[in-house]
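The next block holds one structure in the form of structure tokens; read it before the comments.
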Amino acid sequence: MKKALLLSTTGIAVALAMLAFGFVAGSPQIAKAGTTQPVETAQPVQTAQPVQTAGADTKAADTKIDRTEVEGIIRDYLLKNPEVLLEVQDALEAKQKEEQRLAALGVIKNAKDQIFNSTFDGVVGNPNGKVTIVEFYDYNCGFCKRAIEDMRALTKADPDLRFVLKEFPILGPDSQKASVVSMAFHMMKPEKYGEFHNALLGGQGRATEAMAIKIALSLGADEATLREKMKDPSITEAFSKTYDLANKLSITGTPSYVVGNEVVFGALGQDVLANKIEAAKAAL
């Protein structure tokens with residue numbers, strides 16, 4: 001983190017120096033006392049001729065900017081006022097966050113059905129709830145495993161909450177295979193998907209295809225039918241769409257959420273999510 005901040009602030013310092021140099025170098029030259037004075041004429045001059053002023057070349061040379069001198073001034077200023085770099089860094093981060101927020105608003109507006117109403121996504125809580133929260137998760141994400149308690153508490157406390165679970169396997173082959181089983185089971189028994197999800201995500205150890213199949217069978221799935229559903233090409237297609245959607249929303253990790261018109265990154269806890277849900281309700 002310190003190295004990243006150093007590199008960032010160093011870049012900012014260089015940019016400031018270049019900006020300052022460019023500004024000074026590009027500024028108009030200021031005439032000194034005793035040089036040519038403006039001449040007023042009664043009528044416009046039709047054929048203007050260059051006027052040679054004695055000593056003009058010498059004075060132009062006097063105003064030539066020394067790059068090393070300018071950079072030294074900037075360096076001394078930043079060394080004496082290092083907090084400027086932090087202020088610039090904060091301003092840059094705030095600007096980037098706002099740009100990201102506005103971009104996400106556009107994506108949510110244009111891909112609303114894909115985000116909130118995909119037929120491939122499992123739903124817990126009230127399937128007809130007025131407010132929807134969407135979670136992008138991976139079955140082998142440690143933070144997702146802890147965040148499952150947030151989902152349980154939120155859906156229990158709010159009977160009008162619709163909680164959508166979007167498979168986003170990004171932590172390796174085991175996660176991908178477990179999610180294939182999960183989506184196949186959802187196709188077969190959507191009414192039991194919540195139980196399956198809680199058992200696999202809330203279980204001990206690493207989620208694998210074998211573990212996911214074992215849980216599916218314990219919930220009444222027929223193994224032959226389940227394995228046939230796992231070959232359904234629409235599952236791969238659904239993954240592809242989710243990866244593309246996550247990329248557009250700048251989601252690179254799990255868990256991440258979409259609540260109303262906002263993307264929430266990370267396992268921030270039940271209280272933060274509850275506040276976001278209330279804000280989404282107020283905006284209805």
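Considering (1) among the aromatic types (Phe, Trp, Tyr); (2) outside any loop (DSSP other than H, G, I, E, B); (3) touching a residue at least 12 places away in the same chain (Cβ under 8 Å), the lone condition that residue 139 does not fulfil carries the number (2). Residues in segment 217-233 that are under 36 Å from the mean Cα position of the chain (by Cα) and loosely packed, with under 13 Cβ neighbours inside 10 Å were compared, and the one that is nearest to residue 195 (Cα to Cα) is 231.
Which residues, counting only those in segment 127-147, are open to solvent by less than 10 Å² (accessible area, probe 1.4 Å), more than 19 Å from the chain's Cα centre (by Cα) and under 14 Å from residue 268 (Cα atoms)? Within segment 127-147, just 147 meets the criteria.
Could you pull out the residue among 282, 212 that is open to solvent by less than 70 Å² (accessible area, probe 1.4 Å), closer than 25 Å to residue 127 by Cα and either out of contact with any His (no Cβ under 6 Å at 6 or more places or on another chain) or charged (D, E, K, R) (or both)?
212
So is residue 163 assigned to a strand (DSSP E or B) and surrounded by 17 or more Cβ atoms within 10 Å (Cβ to Cβ) or not?
On the way: assigned to a strand (DSSP E or B): yes; surrounded by 17 or more Cβ atoms within 10 Å (Cβ to Cβ): yes.
In short, yes.
If the condition is being surrounded by 10 or more Cβ atoms within 10 Å (Cβ to Cβ) and either more than 27 Å from residue 251 (Cα to Cα) or among the hydroxyl-bearing types (Ser, Thr, Tyr) (or both), then segment 80-101 contributes 81, 82, 84, 85.
Conditions tested, residue by residue: (1) open to solvent by less than 60 Å² (accessible area, probe 1.4 Å); (2) not acidic (Asp, Glu).
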{"residue": "240", "(1), (2)": "no, yes"}
{"residue": "246", "(1), (2)": "yes, yes"}
{"residue": "250", "(1), (2)": "yes, yes"}
{"residue": "255", "(1), (2)": "yes, yes"}
{"residue": "262", "(1), (2)": "no, no"}
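Go through segment 246-260 and count every residue that is touching a helix residue (DSSP H, G or I) at 6+ places or on another chain (Cβ under 9 Å) and either within 17 Å of residue 164 (Cβ to Cβ) or not in a loop (DSSP other than H, G, I, E, B) (or both). Walk me through it before giving the result.
Residues of segment 246-260 that are touching a helix residue (DSSP H, G or I) at 6+ places or on another chain (Cβ under 9 Å), as a first pass: 248-260.
Checking which are either within 17 Å of residue 164 (Cβ to Cβ) or not in a loop (DSSP other than H, G, I, E, B) (or both) leaves us with 248-249, 251, 254-260.
Summing the residues that are touching a helix residue (DSSP H, G or I) at 6+ places or on another chain (Cβ under 9 Å) and either within 17 Å of residue 164 (Cβ to Cβ) or not in a loop (DSSP other than H, G, I, E, B) (or both) in segment 246-260 gives 10.
A search for C-beta distances below 8 Å between a residue of segment 67-89 that is of a type in the set (S, T, N, Q) and any residue that is open to solvent by 40 Å² or more (accessible area, probe 1.4 Å), counting only pairs 6+ apart in sequence or on different chains, returns 89/5.
Go through segment 199-230 and count every residue that is more than 21 Å from residue 242 (Cα to Cα) and either free of Cβ contacts under 8 Å to residues at least 40 places away in the same chain or in a helix (DSSP H, G or I) (or both).
Pass one, segment 199-230, residues more than 21 Å from residue 242 (Cα to Cα): 199, 202-206, 210-211, 213-228.
Right, trim to either free of Cβ contacts under 8 Å to residues at least 40 places away in the same chain or in a helix (DSSP H, G or I) (or both) and you get 199, 203-205, 210-211, 213-228.
Counting residues in segment 199-230 that are more than 21 Å from residue 242 (Cα to Cα) and either free of Cβ contacts under 8 Å to residues at least 40 places away in the same chain or in a helix (DSSP H, G or I) (or both) gives 22.
Residues that are among the polar types (S, T, N, Q) and closer than 22 Å to residue 117 by Cβ are absent from segment 191-203 altogether. Residues of segment 261-275 that are among the polar types (S, T, N, Q) and either in contact with a Gly (Cβ under 7 Å, 6 or more places away or on another chain) or part of a helix (DSSP H, G or I) (or both): 270, 275.
The values are calculated or read from the model by the stated rules, or taken from the named source; none is laboratory data. From a predicted model like this one, the values you see are computed outputs, not experimental measurements. With ideal geometry, Cβ positions are generated from the backbone for all residues, glycine too; neighbour counts draw on all protein chains shown. Ligands, DNA and RNA are excluded from the accessible area calculation, which covers all protein heavy atoms including side chains. Shrake-Rupley method; radii C 1.70, N 1.55, O 1.52, S 1.80 Å.
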